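The values are calculated or read from the model by the stated rules, or taken from the named source; none is laboratory data. Keep in mind that what you see is a predicted model, and the values were worked out from it rather than measured. FYI the Cβ positions are ideal-geometry reconstructions off the backbone, even for glycines, and counts take in every protein chain you see. Note: accessible area is taken over every heavy atom of the protein model, side chains too, but ligands, DNA and RNA are not part of it. Shrake-Rupley method; radii C 1.70, N 1.55, O 1.52, S 1.80 Å.
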Amino acid sequence: MKIESQLDALAKQGLLRRRRVADSPCGPEMVIDGKPVLAFASNDYLGLAADPRLIEAAAEGARTWGVGAGASHLLGGHFRHEDELEHKLAAFVGAERALLFSTGYLANLGVVTSLAGRGDSIFADRLNHASLIDAVRLSLAENHRYPHLDMAALGRMLGESYADNKLIITDSVFSMDGDIAPLPQILEWADKFDARVIIDDAHAFGVLGPHGEGTVAHFGLPFPRRLLVMGTLGKAAGVAGAFVAGSADAIEWLLQTARTGIFTTAAPPMLASALLESLKLVATADDRRAHLNGLIARMRAGIEPICARTSWKLLPSQTPIQPLVIGGNQETVTVSDALAARDIWVPAIRPPTVPQGAARLRISLSAAHTEAHVDRLITALNEIAAA
């Protein structure tokens with residue numbers, strides 16, 4: 001493969017990615033590439049990433065625990081306050097036990113490959129996050145991909161499987177569509193066909209549920225023993241890292257076998273200090289979640305009339321992820337650039353992240369946004385659509 005020609009091909013297809021450089025903290029108003037912008041690009045759903053309380057907690061954590069763990073969790077890099085954080089995360093989501101990982105990607109790789117291998121069967125939603133897709137490949141298990149949210153197809157595939165060990169894996173909130181997996185139906189199939197379930201709660205933790213506990217609480221369910229939940233701590237929680245929660249036995253198995261946890265240096269211990277404070281804020285952020293839900297409704301009410309007179313499509317989503325499908329790659333980049341010319345940053349998402357012909361603007365809302373911010377985006381989209 002000639003890298004130069006491959007890069008040229010990506011550019012011609014409108015698929016070349018470009019990093020932007022932030023010159024300010026994460027927030028709704030940022031300085032990007034030296035230019036002030038209104039940003040709808042981050043997953044900081046509760047607006048905690050630059051919260052002074054988390055900054056002070058991290059600073060105090062650095063003063064107390066230093067900035068480096070020095071080793072993996074099993075080789076002396078597991079600190080007392082990290083152990084406390086694991087217990088509090090488990091209690092918050094209603095599970096028996098939790099285990100910290102450095103990132104959500106590492107958590108998904110570790111969990112899936114620890115629970116399934118050659119001769120086993122995995123049943124995965126076609127629109128799962130890349131980390132789950134890669135985890136299935138690494139597991140060497142037989143891969144059954146069911147159409148997005150198609151519970152009839154999932155049930156049929158499970159019923160046709162003769163594998164002794166079956167694993168259902170799915171995003172709970174899908175990162176590019178914003179829709180929610182029907183967890184109660186998935187658990188019904190799991191009970192019927194004796195399968196274990198893993199949900200990636202990255203975009204649900206802190207947002208869904210009465211107090212941000214995630215998808216299990218959103219559906220009013222007790223935490224099932226056959227379920228494992230992966231939650232990330234760099235989105236609504238505002239810091240970094242991830243955890244997996246489940247039964248005590250399942251978490252002990254991951255502690256013993258998850259290679260991405262065993263063979264990596266632990267995250268900086270000061271992060272756990274910030275996360276202990278963050279968990280308090282998440283649990284008491286009902287006002288932020290209410291404001292966020294109001295912004296979601298306001299934005300949808302403003303954009304739906306634009307879609308009615310264009311070929312654009314606002315996908316159904318009750319979450320902060322609001323995908324506006326434009327269609328073609330170049331057309332989507334053109335709309336994103338037109339917003340940028342108005343000092344509004346909304347990323348253009350193109351294949352292979354989304355299917356061919358479904359390139360979109362991924363509008364991410366935060367509790368730190370105001371109604372005026374949302375109205376400014378709606379006005380800009382109206383102008384671009386009319387041009």
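Below is a table of values for the structure above.
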quantity: Among Met30, Tyr105, Ile326 the positive-end extreme of the charge dipole of the chain (Cβ point charges); calculated: Ile326
quantity: From the C-alpha gyration tensor of the stretch 70-149, square roots of 5λ in Å; calculated: 29, 16, 11
quantity: Most fluctuating residue given options Gly212, Gly77, Gly357, as computed from a GNM of the chain linking Cα atoms under 10 Å; calculated: Gly357
quantity: Relative contact order %, the chain, counting alpha carbon pairs below 8 Å whose residues are six or more apart; calculated: 23 percent
quantity: Dimensions (Å) - the stretch 176-296, Cα atoms, principal axes, largest first; calculated: 40, 38, 26
quantity: Options Asn143, Gly209, Ala368, ranked by Cα towards positive dipole end of the chain, top entry (Cβ charges); calculated: Asn143
quantity: Relative contact order computed over the stretch 265-387 (Cα-Cα under 8 Å; 6+ residues apart), in percent; calculated: 27 percent
quantity: Unit charges on C-beta of K, R, D, E only; dipole of the stretch 1-72, Debye; calculated: 360 debye
quantity: Å³ per residue enclosed by the Cα convex hull of the stretch 1-140; calculated: 235 Å³
quantity: Whichever aspartates and glutamates have a C-alpha closer than 15 Å to that of Lys166, once near sequence neighbours (fewer than 8 apart) are set aside; calculated: Asp120, Asp125, Glu142, Glu188, Asp191, Asp194
quantity: Packing-based order for 142-152, 98-108, using average beta carbon neighbours within 10 Å, highest first; calculated: 98-108, 142-152
quantity: Apportionment of accessible area to carbon and sulfur, the chain, percent (1.4 Å); calculated: 55 percent
quantity: Partners for Lys35 among lysines (Cα-Cα distance below 30 Å; same-chain residues under 8 apart left out); calculated: Lys12, Lys235, Lys313
quantity: Rg/Rh for the stretch 232-282, where both radii come from Cα atoms and Rh is the Kirkwood radius; calculated: 1.01
quantity: Accessible area in square angstrom per residue, the stretch 237-327, 1.4 angstrom probe; calculated: 40 Å²
quantity: The stretch 49-168, relative contact order in percent, only Cα pairs under 8 angstrom and at least six apart counted; calculated: 20 percent
quantity: Dipole magnitude (debye, nearest 20) for the chain, charges at Cβ of Lys, Arg, Asp, Glu; calculated: 740 debye
quantity: Rh (Kirkwood; distinct C-alpha pairs) - the stretch 195-251, Å; calculated: 11.5 Å
quantity: Alpha-carbon Debye profile of the stretch 270-327, log10 I(q)/I(0) at 0.15, 0.25, 0.28 Å⁻¹; calculated: -0.59, -0.96, -1.08
quantity: Cα-based Rg of the stretch 150-203 normalised by 2.2 N^0.38 Å, two decimals; calculated: 1.15
